[in-house]
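Written out below as structure tokens is the structure these notes cover.
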Amino acid sequence: MKQEPLLQVNGLCVEFSTKNGSVRVLNQLDLHLLPGEALGIVGESGCGKSMTALSIMRLVPTPPGEISNGQILLNGDDVLQLTESQMEDIRGNEISMIFQEPMTSLNPVFTIGSQVSENIRRHQSANTSQAKEKTIQMLEAVGIPAPELRIDQYPHELSGGMRQRVMIAMALSCQPSVLIADEPTTALDVTIQAQIFELLRKIQEEMATSVILITHDMSVIAEFADRVIVMYAGRKVEEGLVRDIIDNSCHPYTQGLINCVPVLKRDPGLKRVELNEIPGVVPNLAQLGPGCSFAPRCHKVVDRCYQEMPPEQQVGENHYASCWRVGDAA
Amino acid sequence: MNNRQELNPMVRPDRPVVELWLMFFANKAAVLGLVLWLLVVFTAVFGLTIYTGDPFEMVGAPMTPPGAEFLLGTDYLGRDVLTGIIHGASITLAIGFSATICTVIIGVVIGVLAGYYGRWVDNLLMRVTEFFQVLPPMLFVMVLISLFTPSIYLIVLAIAVVSWTGMARLTRAEFLKIKELEYVTAERAMGARNASIMAKVILPNALPPLIVAVALNVGTAILFEAALSFLGLGDPNAYSWGYMIGSSREYIWDSWWTITFPGFAIFLTVLGVSLIGDGLNDALNPKLREL
Amino acid sequence: MKYEYSVKVDDLRTHFKVHRPHLFAEQPTVYAVDGVSFEIEPGKTFGLVGESGCGKSTTALSVLRLVEPTSGSVELNGVDICQLSENDLRNYRRHMQIIFQDPYSSMNPRTTAGEIIRTPLRILKIGTPKEQHERVEELLGLVGLRPEQKNLYPHQFSGGQRQRICVARALAPNPDFIVCDEPVSALDVAIQSQILNLLARLQQEFGLTYLFISHDMAVVQHICDEIAVMYLGRIVEKADRRSLFLDVQHPYTKALLAAVPTTDNNSKLSFVSLKGDVPSPMDPPSGCHFHTRCPMAETRCSKEIPKLRQVLPNHWVACHLV
């Protein structure tokens, strides 16, 4: 069964100019998003996962950043070719985004009701009372109790979890086809995180929205996403269905990422065991060699890894990895 | 353990102080300010040895226009304007600096105590600060000076008394912010004393905005002194630029040079410190450093 | 001299008075820590886990008297530090150190790594300057950094390396007891494991006692020998690591465990979603603080405060219904 992707990114490159020349923060990134799918993008800080989201929204800070190459096709149209005003019609309407910090991503001087309804009025020809009605409806949908009263509250009167719900209500108010969630729960407590994911899952089913979930936490991906892309130093290193990636990952980085996190067990035993670690730190993007950027931290490294960039290889159905040692016995 | 955690040379800056100067010297306006300022300091320090003479002495015909005999002319009593400007430089600088030093001492001490100890100390000191803030500064200085005999020390003190409030508020704000940071708690966890935390840990980190404020304060103090002397409230024995302007103000239509040259000297000096202040502000602002 | 417990915290309370909302209002009190007791055996790790606002960090700071506790006692090696004078406390700090969450704000940005690590030695006057410098190099090696890195400034290190420097600083005066306040929460996952392993290795090598504060159940489960779950200033469940997870008793702990996402499908508890947010510690619910969100709550729960009582060997719960 082959579906037409809703969003397709081809060969995306983003460069940042710094004092010491330009740094490529995204390098030849390809990805696609199917309708109704939840795609996870996972990696450490600086791997380019947030930059991917900003590029799709065309919100890369320019300068110093610049999308230097590639295509971003939304329903077949390249959003990189659109004018800024055409793009404004798409943002918040076709593609919406929610951010990590619910504390700072709402404007503190306006009521939450006016912030949600403004987005509705901007993109849909609704008058004030229709927008208000829609706002109450949206706030109710994201599980905010007594929305008729809440719309007159200011962001500081709400808890972190409630604010993130408002952000989601705002992002979903125009029924976008794509919702990008950049670390939506990192600042929240686990019980609140669970509530937010429950909500996102419900909304995704009811509204048939495709979701791109960006996170550093593989276990969040495991619970929420259908398919996952693992990124390292501005490149995609592995891509596949969630269960394939978690149970049969092929790239040593993905394996390291999964194994280095303590997993909550029913029976942890009495003795503490040592965690696996990925040695070293993420490389400086300005000083990458010609080969695989993970090579200096990789336990399977061979000479070839330092010299040539490994191409993407198919290792299973819908499962791709970029590693010279794919297929070799560990 | 692994030792592959290479430090990358790209983001290896020099020591913070060196980095600061590099940033400062990359700023053309700031360098211009520094040049102007050095010129004034040079005049004040070496001018008197090259160009000796008492500024109060009547050396030529009154109101001689600038020319070959007197480079910048003479005033209504026949005093040489150039000698006055050179002498005035040292007086003006002395007042600017000492008033600023007094301002900093009062302001920083009060700000540090209020910001660090908080609670009633803060409440008390801030009420005192507010009291001084609501007084109109020029009027207050004039009252202070007319109560006593005007002298250079009194003027310095009066200027400090009206200008320390800003410094105190700034110091307090920085202290309130920094004392909440974990490295201050860490210092306490290691058993450091309050005095050492204030002086060695918080104060150095609070310095950047203070340095900028100090630079700008020198300019304000100079202007204050000029205004006082213009009003005839300055020290009559101190031949400052403000005094020159003040004493010649009635002859402005007959001898433009007696007012223009000291006025220009004040303008350039204050412009110099402002440019230095702005340059330091940019150089000390971490947000402007990278990229 | 050997003590049965390295650290013994008894009925610790830390209440803060906050600003009145208006002139005639009663001054509100935040019951940040409200009667917390626990003991830590020498060389063991005790975990405090809970959501934000549950008082776990205030407990950490109160235990070291970095925040002055309102009442209660904290004994370290038999000495009640709550009774020490300011001066004695300062000297006693060599036995107890702390590692903070944010390696960016926990180091003075104007001092070099070497100076940062030397600070406790300097303040506590341990050794001559030459010995102190030698000790700094030794400590850098212990935490996996190179001696020549001592001349670099904090911003020249990565987050993980900074946390290593903080660990070295805490180790410098040879303490017995280290409070780790969310030491890995601000770090990338791959770096978290490095720091956790480092802490474990140092504990073995030097027989350190840890109080480990975290919001992350999986991390706490991994590193701690004994764990207490906090909710709104009180301990609701306390057990050794095996018993807590195998025989979880308190409905809050159950909900907390169920909410943790995991890559392992088999270990997932049946899902009990908690409704609503944590109530404000300024105005905590009556009786059992958890009754407003508890799926099992009865009328008794809103009236009586449940006592922490032993239900299994090494397992204490504060709940009327267990």
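Computed values, structure above
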{"item": "Any pair with Cβ under 6 angstrom, 6 or more apart, that starts in segment A:259-275 at a residue that is in a loop (DSSP other than H, G, I, E, B) and ends at one that is open to solvent by 40 Å² or more (accessible area, probe 1.4 Å)", "result": "A:C260/A:N276; A:C260/A:E277; A:V263/C:D264; A:D267/C:L246; A:L270/C:R242"}
{"item": "Number of positions in segment A:106-120 that are open to solvent by 40 Å² or more (accessible area, probe 1.4 Å) and not aliphatic (A, V, I, L, M)", "result": "5"}
{"item": "Any hit, segment A:303-318, residues being without any contact (Cβ under 8 Å) to a residue 12 or more places away in the chain, aliphatic (A, V, I, L, M) and either more than 14 Å from chain C (Cβ to nearest Cβ) or open to solvent by less than 40 Å² (accessible area, probe 1.4 Å) (or both)", "result": "no"}
{"item": "Flag if C:I126 is more than 15 Å from the chain's Cα centre (by Cα) and at pLDDT 90 or above", "result": "no"}
{"item": "Residue, nearest to the other protein chains (Cβ to nearest Cβ), within segment C:94-116, restricted to residues that are more than 14 Å from B:P204 (Cβ to Cβ), in a helix (DSSP H, G or I) and in contact (Cβ under 8 Å) with a residue 40 or more places away in the chain", "result": "C:R94"}
{"item": "Candidates C:S243, C:S286, C:S273 - the one that is within 11 Å of chain A (Cβ to nearest Cβ) and modelled with pLDDT of 85 or more", "result": "C:S243"}
{"item": "Residue list for segment C:173-194, restricted to those being among the polar types (S, T, N, Q), in a loop (DSSP other than H, G, I, E, B) and either within 14 Å of chain A (Cβ to nearest Cβ) or in contact with a Pro (Cβ under 9 Å, 6 or more places away or on another chain) (or both)", "result": "C:S185"}
{"item": "Entirely in segment B:179-274, the helices (runs of 4 or more DSSP H) that have 2 or more residues that are closer than 30 Å to C:K125 by Cα", "result": "B:182-189, B:203-230"}
{"item": "Of all residues in segment B:154-186 being within 14 Å of chain C (Cβ to nearest Cβ) and open to solvent by 20 Å² or more (accessible area, probe 1.4 Å), the one that is nearest to B:I106 (Cα to Cα)", "result": "B:E174"}
{"item": "Verdict on A:R272 being facing chain C (nearest Cβ under 8 Å), basic (K, R), in contact with a helix residue (DSSP H, G or I) (Cβ under 7 Å, 6 or more places away or on another chain) and closer than 21 Å to C:N197 by Cβ", "result": "yes"}
{"item": "Single residue of segment C:209-235 satisfying the filter (open to solvent by less than 10 Å² (accessible area, probe 1.4 Å), over 18 Å from C:K8 (Cβ atoms) and assigned to a loop (DSSP other than H, G, I, E, B)) that is farthest from the other protein chains (Cβ to nearest Cβ)", "result": "C:G233"}
{"item": "Boolean, A:S173 is farther than 30 Å from C:Q192 by Cα, crowded, with 23+ Cβ neighbours inside 10 Å, among the small types (G, A, S) and at pLDDT below 85", "result": "yes"}
{"item": "Elements of type strands (runs of 3 or more DSSP E) contained in segment C:3-55, each with 3 or more residues being within 14 Å of chain A (Cβ to nearest Cβ)", "result": "C:45-49"}
{"item": "Residue satisfying all of: in segment C:127-172; of a type in the set (K, R), open to solvent by 10 Å² or more (accessible area, probe 1.4 Å) and assigned to a helix (DSSP H, G or I); nearest to the other protein chains (Cβ to nearest Cβ) among these", "result": "C:R169"}
{"item": "Qualifying positions in segment B:247-263 - touching a helix residue (DSSP H, G or I) at 6+ places or on another chain (Cβ under 9 Å), open to solvent by 60 Å² or more (accessible area, probe 1.4 Å) and hydrophobic (A, V, I, L, M, F, W, C)", "result": "B:I252"}
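The values are calculated or read from the model by the stated rules, or taken from the named source; none is laboratory data. From a predicted model like this one, the values you see are computed outputs, not experimental measurements. Cβ atoms come from the backbone with ideal geometry, glycine included; neighbour counts cover every protein chain shown. The protein model used for the area step is the full one, side chains on, heavy atoms only, and it has no ligands, DNA or RNA in it. Shrake-Rupley method; radii C 1.70, N 1.55, O 1.52, S 1.80 Å.
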